[in-house]
1. With only Lys, Arg, Asp and Glu charged, each at its Cβ (+1 for the first two, -1 for the last two), find how big the charge dipole of the range 2-61 is about the Cα centre; round to the nearest 20 debye.
2. In degrees between 0 and 90, to the nearest 10, how far off the longest principal axis of the chain does helix 14-28 point, with axes built from Cα atoms?
3. Under a 5 Å amide H to amide H cut-off, with H placed in plane at 1.01 Å, what residues pair with residue 34 once short-range neighbours are removed?
4. Could you work out the helix-only [θ] at 222 nm for the chain, with each DSSP H run of four or more residues adding -39,500 (n - 2.57) and the total divided by the number of residues, to the nearest 500 deg cm²/dmol?
5. Please give every one of the aspartates and glutamates within straight-line cross-link reach of residue 37, meaning a C-alpha to C-alpha distance under 19 Å, and leave out same-chain neighbours fewer than 8 residues apart.
6. Return the Rg/Rh ratio of the chain with Cα-based radii and a Kirkwood Rh.
7. For residue 51, what charge total do you get from the other residues with a beta carbon under 12 Å from its beta carbon, if Lys and Arg give +1 and Asp and Glu give -1?
8. How many nm separate the modelled label positions at residue 51 and residue 20, each set 7 Å beyond the Cα in the direction of the Cβ?
Amino acid sequence: MRAILLDRVFEKGNKRTASALIMSILEIHKEGYDPKKVDDVIVEIIKNNINNINKIRRMIKNVIR
C-alpha cells in the first residue's frame with residue numbers, strides 16, 4: 001500500500017488500485033469491511049504522507065467490521 005500510494009507506482013489509478021487491493025485481500029480472508037472507511041484510509045495515508053508500515057497496517061485493520 002505504501003509504495004502504491006506514496007511512490008506513485010502508476011501514472012493514474014494509484015488510489016483505486018490500493019483500495020481494490022485492500023478490499024480484495026479482506027474478501028479473500030472473508031473479513032467484513034466498510035468500503036467508505038477503506039477510501040477514507042487511502043485519502044488519509046496520502047494526505048498525511050504516512051509511510052510507517054505498522055501505522056498503515058493498524059489503519060487498515062480499523063476498516064474491518
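1. Rounded to the nearest 20 debye, it is 140 debye.
2. 20 degrees
3. Placed amide hydrogens put 65 under 5 Å from residue 34.
4. On the way: 4 runs with 42 residues, N = 65.
The helix contribution divided over the chain gives -19500 deg cm²/dmol.
5. Output for residue 37: 27.
6. Ratio of gyration radius to Kirkwood radius for the chain: 0.94.
7. Value of the local net charge: +1.
8. 2.6 nm
Read the figures in this text as sums done on the coordinates, not as results from a lab. Only a predicted model underlies this, so the values are computations on that prediction, with no experimental measurement involved. All Cβ positions, glycine included, derive from the backbone under ideal geometry; neighbour counts span all protein chains shown.
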